[in-house]
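Heads up: the structure comes next, in C-alpha cells.
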Amino acid sequence: MSGQRTHGARRRAGAALESKSREVGVLAEQADASLLEIVDHVLNKGVVIQGEVVLGVASVDLVYVRLSAVLCAADRVLGNGAGKRNKVR
Amino acid sequence: MKLLVYAIARSAPRGKLGVGVQREALAVRAHGGLVSIVGKVASSPRITEESLYAHDRIVRRIAARTSAALPMRFGSTVVDESALERFVEERRGEFVQALSKVRGCEQFTLRVFVDASRALERPTLCTDGPGARYLRARAESHFPPEIAQLRALLAPLVKDERAEAHDVPPLVASVYHLVPRASRAAYRALYARGVQELASARVALSGPWPTYAFAESA
Amino acid sequence: MKRPVAPLRAKDLDALRADLEGRIGRASAPRWNVNPEDAQRSVARLVLTLVEFLRRLLEKQAIRRMDAGTLAPEEVEAIGVALMRLEETVHELARRFGIPKEELNLDLGPLGKLI
C-alpha cells in the first residue's frame, strides 16, 4: 500500500475525474459514429495505469488498495484445477 | 511536469516519432526488453475531439513502426521517471505476454444491435440443469447467439476474441477480434459474406484499430 | 483524418452514445466513503459493490473454464447455481437498500478488464 499520495492530491484527482466525465459528456452528445468509436477505444480500452480503490470514512481517505496486487485468475496461479483435473470434455 | 504514456512496446519504433497530443516531443524510454513511448507535459490532456483523434493517430504510428505495441489509455500519466519505471516493472510479465499475443496483429470491433426483445428460452440440452443453463446464458450475453454463425465464419482468421455485454437496447454487445495484419483483406471479405446472413441482428464493423482491447490481460 | 465506420441507424448511435456516457460517468469516483449520516446505506453500497465485482470476476472465470473444458459437468452445474443465487441475492439486497443496479459498477482500471 502506498502512502505517497497526499489527501490534497487525491481530492484534486477526484475533481479532475469529475471534470473529465463532464468533458466526455459534452463530446458524446454531438459525436458522430466515428468519434464515438474513438472515444470508446481510447478512453475505455488500452493499458491503464491506476487500479486502485481508496476507502474512507466521513470524507477522510484512510486506506489505499491496489487490488491488482491481490486478485489474479486462479488457474494462472495454481494451474488448471490446481493440477487436480485434466482437460475434460 | 509529468509523463504522458502512449504505448508499451518490445523495441523502439523506427523512424521519427512525431509529436504528442499536446504537440510535445515524443521520446522512447528503455526498460530492459521493453520500451515505453512518452511525452513530457505540464498537465493531463483535456478530452477533446482533437486530442482523442491525436492519441489514436500517435498510437497507430507507433504500432505501424514496431513489431508489437500495447496502446495506453488516453491520458495515462505518471509523475516522473521513477514512477514510470515502477509501473513497467510491476507489470512486466503481463506486458511481455500481451505483446507476444498482439505481435503482427490489429483489431476489428463489432458492435451488435438486436431490435426484437430477445427470447429468453433457448433450446438447451435436456441434460443441462438450471445452473448450467444460467452459466450458458451468461456466456451468451457477452457473445450474443445472433452472431454465432458470423463468428464461426470469421474464427479461422481470429487469433483472439473478447466481448462485452451492454444493456442499452438495441446495443447488446461489443465483440473485439485480434486479427493478423496479413489476414486483413481475407477477414473483410469473410465479414462481408457473413454479415449478409444475419437474421435478427445488425452489426457495425470498425477497424482496423490498434490493439486497444487486447492491451490489458483479461 | 477520420476513419470510415460502417453506417449505423440513429437509434444504434444513440445507444452507443448512452452506453459511453454511462460508463465514463461511473468511472469517475473510485473512492468509497462511509457516510455517517447514512451509514447503513453506505456500508451496504460498499459491500454490495465489492461482492458484485467479485461475482462478475467469478462468473467470467467460470465461463472461461467452462469454455476451455476444464470443468466437469457437475462443477458447471454447481457453479452456475451458486452464481445465480449470488446474483439474485445481490440484486435483492440492493433493491432493499434503494441502491440502483448501475451504482454497483466499479471501474478499477486494469481490474475493470477482468470483468
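Couple of notes before you dig in:
- Residue that is outside any helix (DSSP H, G or I), modelled with pLDDT of 90 or more, under 30 Å from B:Ala30 (Cα atoms) and in contact with a Ser or Thr (Cβ under 8 Å, 6 or more places away or on another chain), where the choices are B:Gln107, B:Gln97: B:Gln107
- Selected residue [open to solvent by less than 60 Å² (accessible area, probe 1.4 Å), at pLDDT 95 or above and either closer than 30 Å to B:Ala54 by Cα or aliphatic (A, V, I, L, M) (or both)] from B:Ala218, B:Ala201, B:Ala165, B:Ala155: B:Ala155
- Matching helices (runs of 4 or more DSSP H) fully within the stretch B:121-218 where at least 3 residues are without any contact (Cβ under 8 Å) to a residue 12 or more places away in the chain and either of a type in the set (S, T, N, Q) or facing chain C (nearest Cβ under 10 Å) (or both): B:130-142
- Restricting the stretch C:47-65 to residues that are open to solvent by 30 Å² or more (accessible area, probe 1.4 Å) and not basic (Lys, Arg), the residue that is farthest from the other protein chains (Cβ to nearest Cβ) is C:Val51.
The values are calculated or read from the model by the stated rules, or taken from the named source; none is laboratory data. These numbers come from a predicted model, not from an experiment. Heads up, the Cβs are rebuilt from the backbone with ideal geometry, glycines too, and the neighbour counts pull from every protein chain shown. Accessible surface is based on the protein model in full, side chains and every heavy atom, while ligands, DNA and RNA are left aside. Shrake-Rupley method; radii C 1.70, N 1.55, O 1.52, S 1.80 Å.
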